[in-house]
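Since the structure comes first, as structure tokens, the remarks are kept for the end.
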Amino acid sequence: MLQSWDYSLFSWINNAAGSFPALDAIMRFLSKDAEYLFYLAVIVYCFTRRGTDRRMVVQALVSAFVAFGIGSVLGHLFYRDRPFVAHHVHQMIDHAANASFPSNHSIGSFVIAFSIFLCRKKDGAFWLLLAALIGFSRVWNGVHYPTDVISGAIIAIVVSAVVYKLFDKLVWSRRFGSWRTFPGNYSR
């Protein structure tokens, strides 16, 4: 039943692809290149002079490492062909015919977006919206089912939240006492 719903929602979204040239171009950008905006954000936040931003970057990187590891294990345990392998679809971008579940683009974008959100709500809301648009674009472009994207987002959000809590309780509070004493925090 879930697979039937998943394919129906996929078809509804993907059937619109190819009908709106301007929107197709935006969706291609989101699927292929928007992830680089997240990498740029990590670099910018890393080189600010605020210790809390550096903490956020470290949390995002640790979260990404763990989330991608979980995603890789799940991808091997529950291998699923991509939509363009199993069905006739409007495939708007080239992609290897590897595992579809879970979406690595969703994991990567949501893990960074939610890590930012946990530390900076306003900034994080923007990044979460961009992550959601990237996930949607992956369905639009015919390379993921909706549950691939949703699963990737859930993995990323849960891992980011757990890492955030662990950093507070285990690592940083013992080593540095508070973020006011975080190395490189020069603000007074």
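The values are calculated or read from the model by the stated rules, or taken from the named source; none is laboratory data. In this text the structure is predicted, and so the values were computed from the model without any measurement. Please note: Cβ atoms are built from the backbone with ideal geometry, for glycine as well, and neighbour counts cover all protein chains shown. Areas reflect the complete protein model, heavy atoms only, side chains present, ligands, DNA and RNA absent. Shrake-Rupley method; radii C 1.70, N 1.55, O 1.52, S 1.80 Å.
Could you check residue 159 against (1) open to solvent by 40 Å² or more (accessible area, probe 1.4 Å); (2) at pLDDT 95 or above and say which number it fails?
(1)
Could you run through the stretch 97-113 and say how many residues are open to solvent by 50 Å² or more (accessible area, probe 1.4 Å) and either in contact with a Phe, Trp or Tyr (Cβ under 7 Å, 6 or more places away or on another chain) or under 18 Å from residue 150 (Cβ atoms) (or both)?
1
Can you tell me which of 58, 66 is at pLDDT 95 or above, among the β-branched types (Val, Ile, Thr) and open to solvent by less than 80 Å² (accessible area, probe 1.4 Å)?
66
Out of everything in the stretch 114-130 that is among the hydrophobic types (A, V, I, L, M, F, W, C) and free of Cβ contacts under 8 Å to residues at least 40 places away in the same chain, what residue ends up being surrounded by the most Cβ atoms within 10 Å (Cβ to Cβ)? First the steps, then the outcome.
Quick first cut of the stretch 114-130, residues among the hydrophobic types (A, V, I, L, M, F, W, C) only: 114, 116-119, 125-130.
Narrowing the set further to residues that are free of Cβ contacts under 8 Å to residues at least 40 places away in the same chain leaves 117, 125-126, 128-129.
Numbers: 117: 23, 125: 13, 126: 14, 128: 19, 129: 11.
Checking each candidate, the answer is 117.
From (1) in contact with a helix residue (DSSP H, G or I) (Cβ under 7 Å, 6 or more places away or on another chain); (2) surrounded by 15 or more Cβ atoms within 10 Å (Cβ to Cβ); (3) at pLDDT below 95, pick out the condition that doesn't hold for residue 149.
(3)
What residue, among those in the stretch 18-33 that are crowded, with 19+ Cβ neighbours inside 10 Å and of a type in the set (A, V, I, L, M, F, W, C), is farthest from residue 159 (Cα to Cα)?
The selected residue is 27.
How many residues, within the stretch 33-55, are modelled with pLDDT under 90 and not in a helix (DSSP H, G or I)?
Going through the stretch 33-55 one residue at a time, the tally reaches 4.
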